[in-house]
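Mind having a look at this structure? Questions to follow.
The values are calculated or read from the model by the stated rules, or taken from the named source; none is laboratory data. Because the structure is a prediction, the values reported are computed rather than measured. Note that we place each Cβ from the backbone using ideal geometry, even for glycine, and neighbour counts take in every protein chain shown. For the accessible areas, the whole protein counts, side chains as well, though only heavy atoms, and no ligand, DNA or RNA atoms are used. Shrake-Rupley method; radii C 1.70, N 1.55, O 1.52, S 1.80 Å.
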Amino acid sequence: MMKAIKLIRLLLISTYSITAFSQTKCTDQLLSFTSTLEPDSLKVDLNLILSIKAYEDIPFYEETRFTSSSKNPQYFVIKKVNPDASLKYKVFDWDNTEIEIETIELEEKGELLISLDKHQSGNYKLVLYSKNPDGSCISLSKLKRKREGEIKIPMSNLNQTTDLKALTFLKEYSLDIKTDDLPVLKEYTYVFTKGTDYYFLWEDNKNLELKVTDLKREKQPLNEVEDKNNLMKTHCERTGIYYFIIYAKEGVKQNARLKLFYDEQSKKNSN
């Protein structure tokens, strides 16, 4: 799926000043990262290098405004020099209504791809913020479609036969865990089709485990994709009802989401 492609040299915006933040080592690392992005079917519109400024008890806050549409959606790649830096982000429309986004962790810790879910054409803003800034640097790359067709994610942690953008979204399960210490046990059902590959993507999950069983409660193989624990795959051998068992021996307060996808091509190939 991901073909060997030439490295694309990106032009950095000329208005930033390295003297604005004197972390030359930090900026050099980010310059190296942004100059070797592999957008494939995406093109880079703009690169920014920012400092998560740490000054007394003042939080970090930065807005980037952009236009986007369902036919020509906007994508962002964030690179944190300190992978553990406290950095969050939200997207709002022109009415200041928060827009749902999808975040995919890339190969290296601290590298993230952000995409907007289904939305209307219009003006939007991406807000980057930190309540506990550490003074480290980040780069923000803004990308759009280069051509029509399937989007291929740059530097994705998905394997060569899997591209999350090529999968079909089926359902999302929200888990609002409010109590610490109590065990967690939630169960859902879904009808799987023989010969089809299904994928589970965790978002904001702290310690929840997942098992998949058939109607006879026989455990089904569930494999991590590219040795990452946020995306898992199972192959359906027999059409029928399947159980998703989400559990944790020790409950942790969290708002996790489990997204279910399927590979339409695998379904077609099995027919």
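With a 1.4 Å probe and every protein chain kept in, tell me what percent of the accessible surface of segment 59-143 is carbon plus sulfur. Don't skip to the end; give the middle numbers.
On the way: 1720 of 4020 Å².
Carbon with sulfur: 43 percent of the solvent-accessible area.
Hey, can you find the accessible area per residue of segment 59-143 for me, probe 1.4 Å, expressed in square angstrom? Write out the running numbers ahead of the final one.
Values: 4020 Å² over 85 residues.
Dividing the accessible area of segment 59-143 by its residue count gives 47 Å².
Something else about it: Give me Rg over Rh for segment 173-262, both radii from the alpha carbons and Rh done the Kirkwood way, two decimal places.
Details: Rg = 13.2 Å, Rh = 13.6 Å.
Using only Cα positions, Rg/Rh for segment 173-262 is 0.97.
Rounded to the nearest whole Å², what accessible area per residue is found for segment 173-262 with the 1.4 Å probe? Kindly include the intermediate steps, with their values, before the conclusion.
On the way: 5130 Å² over 90 residues.
Result: 57 Å² of accessible area for each residue.
Go ahead and run the numbers for FRET between Asp180 and Arg238, Cβ-Cβ distance against an R0 of 25 Å, rounding to 0.05. Before the final figure, lay out the partial values.
Values: r = 39 Å, r/R0 = 1.57.
So the FRET efficiency works out to roughly 0.05.
Could you tell me how many cubic angstrom of Cα convex hull volume segment 59-143 has per residue? Display every interim value, and only then the final one.
Values: hull volume 7.4 nm³, N = 85.
Considering the Cα atoms of segment 59-143, their hull volume per residue is 88 Å³.
A further question follows. Amide H to amide H under 5 Å from Leu143: which residues, 5+ apart in sequence or cross-chain, H placed 1.01 Å off N in plane?
Asp45, Tyr75, Phe76, Val77
Moving to a separate point now. Mind putting a number on the dipole of segment 59-143 about its Cα centre? Charges go on the C-beta only, +1 for Lys and Arg and -1 for Asp and Glu, and I need it in Debye to the nearest 20. Walk me through the numbers on the way to the answer.
Values: 11 positive and 14 negative charges, 46 e Å.
The calculated dipole for segment 59-143 is roughly 220 debye.
Within segment 67-140, report the chymotrypsin sites (Phe, Trp or Tyr not before Pro) that DSSP leaves as loop and that have at most 16 other Cβ atoms within 10 Å. Mind dumping the intermediate values first?
On the way: sites: Tyr75, Phe76, Tyr89, Phe92, Trp94, Tyr124, Tyr129; in loops: Trp94.
Here the chymotrypsin sites (Phe, Trp or Tyr not before Pro) that fit, given the DSSP loop and packing criteria, are Trp94.
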